[in-house]
Each structure stands twice: as C-alpha cells, then as structure tokens.
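Just below is one structure, and these are the notes that go with it.
The values are calculated or read from the model by the stated rules, or taken from the named source; none is laboratory data. Treat the numbers as computed from the prediction; the structure is a model and nothing was measured. FYI the Cβ positions are ideal-geometry reconstructions off the backbone, even for glycines, and counts take in every protein chain you see. Just the protein is used for accessible areas: all its heavy atoms, side chains included, with ligands, DNA and RNA removed. Shrake-Rupley method; radii C 1.70, N 1.55, O 1.52, S 1.80 Å.
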Amino acid sequence: MDLIKAYRMYNKMMQHPHLIDEIREIFLTCLISEKGFTLEALRNEALNQVREVGLEENEEAIKEVKDALIDLHFAEGRSESEIEDHINLARKRDRFRNLTAVINTEDVTSRRIQRALKEFCDIPEGRLFIPPNEAEVVRVALINHFISNQLSFIGVAKKHLTTRDVFDVVQRSHWNERRSGKIGGKAAGMLLAYRIVLPRLMEKDPELAEFVRIPESYYFNSGIFSDFIEFNDLHRCHSLKYEPQENMEKAFEEIGEEFERAEYPKEVVSKFRSFLEEIGEQPLILRSSSLLEDSLGHAFSGKYESVFVANQGDLDTRLKDFIRGLKQVHLSTISPGALAYRRERNLLDFDERMSVLVQNVVGRRFGDNFFPFAAGVAFSVNAYNWSPKIQKEEGMVRMVFGLGTRAVDRVVRDYPRMVPLSHPQLRPEVTADEIQKYSQRLVDAVNLSDGRLETKPYLELLEDVEHPELFYAVSVREDMHLSAPMFKGGTIPLAKTCLTFENLLSKTPFIRIMKKILSRLHQAYGGPIEVEFAWDDNKFYLLQCRSHPVREEFGLVTLPEEMDPERVLFTNNRGITNSAIRNIEYLVYVDPKAYANIETHREKLAVGRVVGELNRRLYRKRFALFGPGRWGSNDITLGVKVGYQDINNTLILGEISFEEDGFAPEVSYGTHFFNDLVEARIVPVAVYPDDDGVVFNEAFILGSRNSLAEWIPEYACHAASVHVIHIPSAVDGRLLHVLQDGLNQQGIGYFGFKEAEVSGSPGSGISHLRSTGVRKWAEPR
C-alpha cells in the first residue's frame, strides 16, 4: 500500500515539475525532524541500494536512488491530505516568492498584485504555512496597499489578518483601472475585529464560531471618490478644509448642489449596475469608510454619513437610488463637522479620501418593513456606572429593537436599554411605572415599499407582524408588576407589553458572547473599544469596531463643605462623571423656555447658528454652554440644532432638562454625540430642575446683563433666547466652578474666586445645601 501511495504521490509531484527538488527538500526536512533521519544515513542507504541492483556507482545514480527513498519513506504511514499539504507548501513558496517580487515592484498596479495574490490563494490553504517572519512582510505590504496605510492600524492588523483575508477583501472590492484606492477605516476595523474574534489560523472558540457573523460586505474603494472629484472638476473640495470655519457652512451647501448635478464616469456606473444586478433586491446600507475613520485614537464617531438604500424595484430605479446614496456618503467627507474634527487633531493636511462599505442590512422582512430583532453599540469599558455594584471593566451595551440608528443617535422621548454587562438585569429604574416610562417606544425599519428609513411605534409595527422572537424582547405588565414571559410559544398580550429584552439577556448566550468579544478586542487593541452590532435569528453580527474615547480618570472630587446658597448656580444628582472644571469666565445660556416658544423652524435654526458663532468667537476663552436638554437631538423642536463644529470649544455642555409630559431626555451615554464630548474633553452636565432637592438658579441667569450684542452685533435680535454672561462682572469678580462627584452622584456649580486646578476627596456639600432649604428659584445676587 505504501508503494502505491508513493506512486500516486509521485504523479502529483510531477504536475509541478519545476518544483520537484523543492518538494523533496520539504519531504527530507520533515523526515529529519520527525524520524531522526540523517543525510549520512540516507546516503548510505542509497549507496547500498545502488550496489544491490548493480548500478554504476556514481553521484547521479546515488541521487536518483536517494530521491526514490525520500519519496518512499515520506509516503510511509501518511494520509493523502498530509501528502497534499506538503506538496502544496512548495507551491505556496513558489507563488509567495512571485507575490513578494510583484508587490515590491515600483509603481505596480493593483490588478497585477491581484493576479499574483490570486495565484497564491488558489492553492488550497491546508495546515502548512509560510514562515511567520516571511509572511508578515507581505501581509504588511498588502494591508498598506489595499486596506489602510495607518501605521497604528497596521501594527495591530498584521498580527491577525492573513494574506487570504486580504484576498477576500480584494475579491469583493470595486474600483476602476485609473485609481484603485483602499477600503478605508470602517471596513478595515470590521474585518480586523472579525479576525480577532474568529482567527483564521488559530483555534476558534466554538461558541463564538457558532454565533458570530459579519454581514455580506462589498468595498467601493476610495479611488471611486477620487475619480468622481477629478471627472467633475470638483477640486475645490480639497481646499475647503483650509477655509475659515464660518465660511464652511455656505461653501458646503454650494458644493452639495454641485454633487447633485455631478456624474460618475460611465464605466464606473456600469460597474454599479453590474453589482446591483448580481446581488438582487437586498436592502443595503452604504457606510462611510474614509481613510482616517476608525483609526486608533481618532474614531470620527458620527462625522460621516451612512445611508440606507431599500434597493427594491427595477434596476434603473435601484441604480439611481444607489448613486444618490453614494454621493451623500462621498459628500460627507467635507462636512463642516468632519473638517472641524480634523482641524482639532491636526489632520487637515492628510489627503482624506472616502471609501464606502456596502453591506446587506441585517434583518428579516415583515410585510413592507425590514429590520433586525435588535441592534446597538457595545463598549468594553462602561462609562455610565449608576450603581457601585457595576464593574466598569466588563463593559456596557446600549441596544434597541429594530435598526441600531436609535441606539447611536440621540432620540426624542425614547429610551434604549442600557445593559451593564457585569450585572445585566440591573437598571437605574426600580418600579414598573419607571421601567415602562423609560423604555423604547419607537422602532426604526427600512420601508421597502417607499424606499426610506421609517420610524414607527413598536406596538403599531408588531400589531401587523407575528415576530418569532417577541418572547425575548418584551415584558408584560400585570397590575403593579412587570415581568418577562415565562414560556416561549404562549400568547403575549401586546397592549400590556414594553420592550425590556429581559429574556434575551437571561435566556440566550447574548451576554456571554458579548463579554467574550469585548474582552478579546480590548486586549488586541490595547485599550477601550466600541462595537456596533445586530442580533437576529439567534446570530450576532459584528458591524463595526473602533477604539473608544474614554475620559481620563479624574481622582476623587471634593465638593465644598459649606456654601452660601446665593453663590450656587445649580446642583445635580444624575448621570455624573468625575470631573472638576474651575475658573469659568463666560456662561452661554440658551433659555429652554424661550427656545420652546420660538414659532418657526427657521428661527430655531438661527439659534443654532448663534451658538456656533459664539463657539468660534469665544475660542480660547473659558466658557460653559448650557441650554435645552437635548443638545445633538434629531428633533429641532426639542433641542438646538448644532454640529460638532458648533460646540467643540466649550469646557462644559450643560443640559437643562425640564420634564415635558412626564418625560426627561434620554441619557446620551454611548451615542456618537457623547463620544464627541469625551474626545474633545468637554464635560457633559445634566441638570433636572424638577427633581426634588435640585437647585437651579435660573433667576440669576435671566437677571444678569446679556452681552450677546457686544460679541455678535448682527445676532442681537436673539437676545431673548441666547444669553452671554461675563461671570466676574455679574458676581463681584468671582468665576464659575463646576465639581462633579461620580462616586456619590452629586454635583454643584458655584461662584467663587480663582482656584487652583486640583481635585480631592468627596465631601458633603450637596447634603449641606439641601439641609439649608435653598429655594429652587433663588433671586440673583
């Protein structure tokens, strides 16, 4: 049998005659390491065989017999797959040498690299690999060429991405011959995270292998963006970043109009058409994936666009919608918020290019609606620790029913489920009334009939849908009790339900899987990370991964032991993170009540422009910005419409949250908006004036001299709603100091003389204030 096996092996070897010597070299190396062969023993055995059969004793005859002996000994006791692996190792080495030469050729084209890469990857993967030190050189070059040239990313990626991973990317990439480009940061982050969680060449965690997936993904490389700019002579886009911030808004609108009229080259449009024809009528999301995005240290959270495309109907309609979405993502490369973010981080000189990650939307179709069971964002470090029980290093999840847009954006009168992974059943709310009050009511879904993202009340949506996993999503109200259904398959009275995800958290492996994923990614990235995800049909879909900004640990904060009540601007007791911001000279205050009384949409937009202009004028001044409790909300009726570029210079972003119809604004922890504040080192402060015991000296603010007209004369007409107060002029030379004690969830803003920037241990200032019976509406000093 071994002789037959050796004969069959020899036939396979002869399919690659130029590699025969290399194949035998591999066989011999293996025999020496496994069976204790020596070259001397092999030569002696060959010499004996030469003599035994009567061959002429010369080196040629000895080599011929040695080769036959190597083949026979190697075939002995080995399986067909083992033999195949060793033959293929020689083939891999051959094609790897070629790939190395190609990728190191100056000015080599992407197509040529792709051909060489395909030749290598067409060889079965097997269980024998190129030596790690040789493979790493090529992996780095391939990652740099096709994926990302960010050194911080490459430093992590080279340990986890293989040559075949890069080939998979290339196979799903779309570019044109003029410009190939890279897949960008968001796509790179998703791919890297997937391979960290499920490594290609190492043993996988069986549970993660069973449950973790990434969506079907396609990469429209940055070269398409570059070609679009050049084809339409839109080079002005490259110089917009050097314009003064105040000119950017108008210039961005003008360029947006030019984008609408512009066209992609015909051959590129033909590629779009072929792509849509191939994938069929599958809802898509077009995600921004710029070259800088999701790089280590620069998350760009929410700075660029992601666009849902229903992708339904005839091909021409689908193509039109796809191109419209692509333009929208490409245009966001030069949005004022993105450019302001880059300016702050000295990234303006980088030649930023936008790639687009196109993914099948995770979920299922229910009538005309398409959505996943749940989606959201998870963090390896929990910044929202409302209870001393919570272990922040185990992370947090912010999740919603339906599309994850409601988890990453600030929403109105709606609340995602916040899950501390160390204690998944722990909630800030206690009673059934509170849990229902602060639960999700609205669901985002792709409406397939009219091709747009739609928001519906969850009860209305589920009345027409028999969702097979409702058991895992809801709790049922009976009298004063709220509990998750006990048995799957029973009738659930929809009208009595609210979205809590209790059974998902307790009766599925969701929490265990999430903790494993976050732990692995945190370790690989060497710091906090955030992951966007979807959960559908009992599978976890990894959508995005990036480093996560976490506020620097601020030591224990001491609140004043004694305080004159008239020197207190506010106290607060919810959503507090440790911080101490002293010596604030200016207070910018958008009066929530005055803002609510503004009648027209246009006037409300104007207030946002005033705030943005003050943010620019007060640059390098120590100022705090307070206003309606929904900064960054997607509803202008309930919050001032501002972008990152309008608030990035303030020390504090304060939210004055009066209850409306029994609701207070949702906590912003975990949203893109909150990440902006952390990265910019802006302290978020929430004040709930209607809470018992809370002090808010509104009368001081409204009674102090408003210097808006002096700062921006052209906006003096907005003085009724926007106040600018020079604090030392209003309180005898004192400044505003804001201390937040996260440990005890107590905070205070008070007026005092200039203080050193230090922190200490927590005190009992708030308790003392409450005991003095300070009036909630104190008169101005």
Return yes when I183 is outside any helix (DSSP H, G or I) and surrounded by 18 or more Cβ atoms within 10 Å (Cβ to Cβ) and no when it is not.
yes
Residue under question is T558, and the condition is that it be among the β-branched types (V, I, T), surrounded by fewer than 20 Cβ atoms within 10 Å (Cβ to Cβ) and free of Cβ contacts under 8 Å to residues at least 12 places away in the same chain; does it hold?
no
Odd one out for L461, checked against (1) open to solvent by less than 40 Å² (accessible area, probe 1.4 Å); (2) closer than 30 Å to L315 by Cα; (3) part of a loop (DSSP other than H, G, I, E, B)
(3)
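Every residue, every condition in (1) out of contact with any Lys or Arg (no Cβ under 8 Å at 6 or more places or on another chain); (2) open to solvent by 50 Å² or more (accessible area, probe 1.4 Å), yes or no:
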position: A41; (1), (2): yes, yes
position: V53; (1), (2): yes, yes
position: A75; (1), (2): no, no
position: E84; (1), (2): no, yes
position: I113; (1), (2): yes, no
position: V137; (1), (2): yes, yes
With the requirement that a residue be in contact with a strand residue (DSSP E or B) (Cβ under 7 Å, 6 or more places away or on another chain) and farther than 20 Å from G639 by Cβ, what does the range 679-701 give you?
V694, V695, N697, F700
How many residues of the range 576-613 are part of a helix (DSSP H, G or I), touching a Gly at 6+ places or on another chain (Cβ under 8 Å) and open to solvent by 10 Å² or more (accessible area, probe 1.4 Å)? The answer is 1
Restrict the check to the range 229-238 and report whether at least one residue is open to solvent by less than 10 Å² (accessible area, probe 1.4 Å), under 26 Å from L403 (Cα atoms) and assigned to a helix (DSSP H, G or I).
no
Mind checking which residues of the range 407-443 are modelled with pLDDT under 85 and within 19 Å of the chain's Cα centre (by Cα)?
A407, V408, D409, R410, V411
When the range 358-381 is checked residue by residue, the ones that are open to solvent by 10 Å² or more (accessible area, probe 1.4 Å), in contact with an Asp or Glu (Cβ under 7 Å, 6 or more places away or on another chain) and part of a loop (DSSP other than H, G, I, E, B) are V362, G363, G367, V381
Just for the range 707-752: of the residues that are touching a strand residue (DSSP E or B) at 6+ places or on another chain (Cβ under 7 Å) and either in a loop (DSSP other than H, G, I, E, B) or among the charged types (D, E, K, R) (or both), which one is most open to solvent (accessible area, probe 1.4 Å)?
R734
Would you tally the residues in the range 485-529 being buried (at least 20 other Cβ atoms within 10 Å of the Cβ), assigned to a helix (DSSP H, G or I) and among the β-branched types (V, I, T)?
2
So R546 ticks every box in (1) in contact (Cβ under 8 Å) with a residue 40 or more places away in the chain; (2) open to solvent by 10 Å² or more (accessible area, probe 1.4 Å); (3) basic (K, R) but one. Which box is left unticked?
(2)
Counting only residues in the range 55-72 that are part of a helix (DSSP H, G or I) and either loosely packed, with under 11 Cβ neighbours inside 10 Å or charged (D, E, K, R) (or both), the one nearest to the chain's Cα centre (by Cα) is identified as D71
Scan of the range 382-398 for residues that are out of contact with any Ser or Thr (no Cβ under 8 Å at 6 or more places or on another chain), hydrophobic (A, V, I, L, M, F, W, C) and open to solvent by 30 Å² or more (accessible area, probe 1.4 Å), ordered by number:
W386
Counted residues, the range 387-404 - those being of a type in the set (D, E, K, R) and in a strand (DSSP E or B)
1
So if I check each of S301, S355, which one is part of a strand (DSSP E or B), in contact (Cβ under 8 Å) with a residue 60 or more places away in the chain and among the small types (G, A, S)?
S355
Of all residues in the range 97-136, count the ones that are under 18 Å from R200 (Cα atoms) and either part of a loop (DSSP other than H, G, I, E, B) or at pLDDT below 95 (or both).
15
Tally time: how many residues in the range 614-624 are surrounded by 18 or more Cβ atoms within 10 Å (Cβ to Cβ), assigned to a helix (DSSP H, G or I) and either in contact (Cβ under 8 Å) with a residue 60 or more places away in the chain or among the aromatic types (F, W, Y) (or both)?
1
Being more than 30 Å from V169 (Cα to Cα) and among the hydrophobic types (A, V, I, L, M, F, W, C) is true for just one of A141, A75. Which residue is that?
A75
Residues in the range 564-574 that are open to solvent by 20 Å² or more (accessible area, probe 1.4 Å) and either in contact (Cβ under 8 Å) with a residue 24 or more places away in the chain or under 28 Å from L708 (Cα atoms) (or both) total 5
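Residues checked against (1) acidic (D, E); (2) part of a loop (DSSP other than H, G, I, E, B); (3) surrounded by fewer than 15 Cβ atoms within 10 Å (Cβ to Cβ); (4) without any contact (Cβ under 8 Å) to a residue 60 or more places away in the chain:
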| site | (1), (2), (3), (4) |
| --- | --- |
| L142 | no, no, no, yes |
| L161 | no, yes, no, yes |
| D168 | yes, no, no, yes |
| R179 | no, yes, no, yes |
| L192 | no, no, no, no |
| E210 | yes, no, yes, yes |
Among the residues of the range 280-294, is there at least one that is open to solvent by 60 Å² or more (accessible area, probe 1.4 Å) and touching a residue at least 12 places away in the same chain (Cβ under 8 Å)?
yes
With the structure loaded, tell me whether A473 is in contact with a helix residue (DSSP H, G or I) (Cβ under 9 Å, 6 or more places away or on another chain), open to solvent by 20 Å² or more (accessible area, probe 1.4 Å) and at pLDDT 90 or above or whether it fails that test.
no
Considering only the range 144-154, state which residues are at pLDDT below 90 and assigned to a helix (DSSP H, G or I).
L151, S152, F153
So which residues in the range 212-221 are open to solvent by 20 Å² or more (accessible area, probe 1.4 Å) and closer than 19 Å to V531 by Cβ?
R213, I214, E216
Among the residues of the range 305-347, count how many are within 17 Å of E249 (Cβ to Cβ) and part of a loop (DSSP other than H, G, I, E, B).
2
